[in-house]
Amino acid sequence: MQLSPRLTNLNGGGSDGWEVFNLARQRIAAGETITELTIGEHDIRTDPSILAAMGASARGGHTGYASVPGIPALRDAVAARISQQSGVPTTRDNVLITPGGQAGLFMAHHAACTEGARALFIDPYYATYPGTIRGVGAVPVPVKARPEDGFQPRAEAIDALAEGAASLLINSPNNPTGAVYDRATLEGIAEVCRKHDLWLISDEVYDTQVWDGAHLSPRALPGMAERTLVVGSMSKSHAMTGSRCGWIVGPAEAIAHLIALATVTTYGVPGFVQDAALFALGAGLEEQIAAPFRRRRALARDILARQNTVGLIPSGGAMYLMLDIRATGLDGRAFAYALLEHEKIAVMPGESFGQAASGHIRVAMTVADDAFAAALERLCAFAATRAAA
Ligand code: PLP
């Protein structure tokens, strides 16, 4: 039987970018010791107090169908969090609870894009972006950000591709680059969106991992609340990756239609997960959960400052560092394979996240401080030998 091209072309026919990760996992399974600096998953698990709230809710009977838009108390809590963070008045009618940020990204593109519409996104990008856009029948259009700009996208580059497009997807704090878009970058983006009448889909799942200053949401900029769909999640802020709980915040009319989409797709998020998320949002754990990444980023800056082969893309947030290894003469993929071979350290090639990050590698700060610092020292020493060869 014929399968729909919308399904079979989801990944665009290319590599999925996870080859180095998969090879490292195979070797670990075969008994080798490898330091994995690859995936965006905390090295701690969900806090026991959140699990206790989840268990109490389930045992208390919240195991049936839950309200499809989200339980009112959680929608209110998300609205309060976003109002407080951004200053934009936000109520429960602006909030849809989703099974994680990824479902939110898919649903937001469904809301913004008609069949065949061009949907812009910034390269380097989180691996699912092009597939998410193809999944709603739209056409992914990458806009390259440059290493010399610290991977802050330029408004002119977006503007040049924006004519007739339906949406622009941005992500700050950014995976994979660790960049946090500054106010001028966000204002430039907002101007392009207003000029070309674009929906802005703002992926803010790392909003609690900002190393200097406060998180800035483009929804707060003039004229943006009516055209912005913010995607958020409990995954990164509360180490709840497996619980699958996130949200879309946007105009009430868009949310009303998205509730209809949720009804025909996910049919909501389990009630006991939502009760756990509600507890977690009130528990004040965000700083504690972000603290290991803040510490490791400081360790990394010290280590990288003592050498001059590996460059650090200015790191403003999220649990990743983007390292420039072009001085070694290798591209990101060749460097990652060689590093795995010689040093038993697994990192992600920049090329796994698009063309713009070629010659770079992404390091996830997701192992204990000592192991992280030791691995980074070895990575730098390895790069220096390669550069000298
Ligand atoms: N957006 C970005 C930039 C991510 O890095 C991730 C996960 O790594 C997600 C969205 C999806 O997160 P989740 O679906 O777990 O909320």
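Which count do you get for residues in region 293-320 that are more than 18 Å from the chain's Cα centre (by Cα) and open to solvent by 20 Å² or more (accessible area, probe 1.4 Å)?
12
Of the residues 339, 323, which single one is at pLDDT 95 or above, buried (at least 22 other Cβ atoms within 10 Å of the Cβ) and part of a helix (DSSP H, G or I)?
On the way: 323 fails: part of a helix (DSSP H, G or I).
Answer to the check: 339.
Does region 107-134 hold any residues that are within 10 Å of the ligand (Cβ to nearest atom) and either closer than 17 Å to residue 247 by Cβ or over 17 Å from the mean Cα position of the chain (by Cα) (or both), and which are they?
132
Which members of region 81-102 meet the condition of being without any contact (Cβ under 8 Å) to a residue 12 or more places away in the chain and within 15 Å of the ligand (Cβ to nearest atom)?
First, the residues of region 81-102 that are without any contact (Cβ under 8 Å) to a residue 12 or more places away in the chain: 83-84, 89.
The answer is none; no residue qualifies.
Among the residues of region 281-315, which ones are under 19 Å from residue 376 (Cα atoms), among the small types (Gly, Ala, Ser) and outside any helix (DSSP H, G or I)?
311, 315
Would a scan of region 154-164 turn up a residue that is within 16 Å of the ligand (Cβ to nearest atom) and either touching a residue at least 40 places away in the same chain (Cβ under 8 Å) or open to solvent by less than 40 Å² (accessible area, probe 1.4 Å) (or both)? Break it down into steps so the answer makes sense when it comes.
First pass over region 154-164, keeping only residues within 16 Å of the ligand (Cβ to nearest atom): none.
Checking region 154-164: not a single residue is within 16 Å of the ligand (Cβ to nearest atom) and either touching a residue at least 40 places away in the same chain (Cβ under 8 Å) or open to solvent by less than 40 Å² (accessible area, probe 1.4 Å) (or both).
What's the total number of residues in region 156-173 that are assigned to a loop (DSSP other than H, G, I, E, B) and under 14 Å from residue 218 (Cα atoms)? Quick ask: steps written out before the conclusion?
Initially, region 156-173 is screened for residues assigned to a loop (DSSP other than H, G, I, E, B), giving 163-166, 172-173.
If we keep only those that are under 14 Å from residue 218 (Cα atoms) too, we end up with 172-173.
Number satisfying all stated conditions: 2.
Being within 11 Å of the ligand (Cβ to nearest atom) and of a type in the set (A, V, I, L, M) is the filter; apply it to region 165-214 and report the residue that is farthest from residue 103 (Cα to Cα).
So the residue we want is 170.
With the structure loaded, tell me whether residue 217 is away from the ligand (no atom under 14 Å from the Cβ) and in contact with a strand residue (DSSP E or B) (Cβ under 9 Å, 6 or more places away or on another chain) or whether it fails that test. Reasoning before the result, please.
Working: away from the ligand (no atom under 14 Å from the Cβ): yes; in contact with a strand residue (DSSP E or B) (Cβ under 9 Å, 6 or more places away or on another chain): yes.
Taking the combined requirement at face value, the residue satisfies it.
Are there strands (runs of 3 or more DSSP E) fully within region 81-145 with at least 3 residues that are open to solvent by 30 Å² or more (accessible area, probe 1.4 Å)? List them.
So the answer is 139-144.
Would you confirm whether or not region 127-146 contains a residue that is among the hydrophobic types (A, V, I, L, M, F, W, C) and in contact with a Ser or Thr (Cβ under 6 Å, 6 or more places away or on another chain)? Walk me through it before giving the result.
Of region 127-146, the ones among the hydrophobic types (A, V, I, L, M, F, W, C) are 127, 133, 136, 138-139, 141, 143, 145.
Filter once more, so that each one left must be in contact with a Ser or Thr (Cβ under 6 Å, 6 or more places away or on another chain): none.
For region 127-146, residues among the hydrophobic types (A, V, I, L, M, F, W, C) and in contact with a Ser or Thr (Cβ under 6 Å, 6 or more places away or on another chain): absent.
Being in a loop (DSSP other than H, G, I, E, B) and either of a type in the set (D, E, K, R) or open to solvent by 70 Å² or more (accessible area, probe 1.4 Å) (or both) is the filter here, so list the residues in region 14-42 that pass it.
Pass one, region 14-42, residues in a loop (DSSP other than H, G, I, E, B): 14-18, 30-34, 37-42.
Result: 15, 16, 30, 32, 33, 41.
Hey, can you tell me all the residues within region 43-71 that are within 16 Å of the ligand (Cβ to nearest atom) and part of a helix (DSSP H, G or I)?
Residues of region 43-71 within 16 Å of the ligand (Cβ to nearest atom): 43-46, 50, 70.
Scanning region 43-71 gives a single hit, 50.
The values are calculated or read from the model by the stated rules, or taken from the named source; none is laboratory data. Computed from a prediction, not measured in an experiment: that's the story for all the values here. Here Cβ is always computed from backbone atoms with ideal geometry, including for glycine, and neighbour counts include all displayed protein chains. With ligands, DNA and RNA removed, areas are computed over all heavy atoms of the protein, side chains included. Shrake-Rupley method; radii C 1.70, N 1.55, O 1.52, S 1.80 Å.
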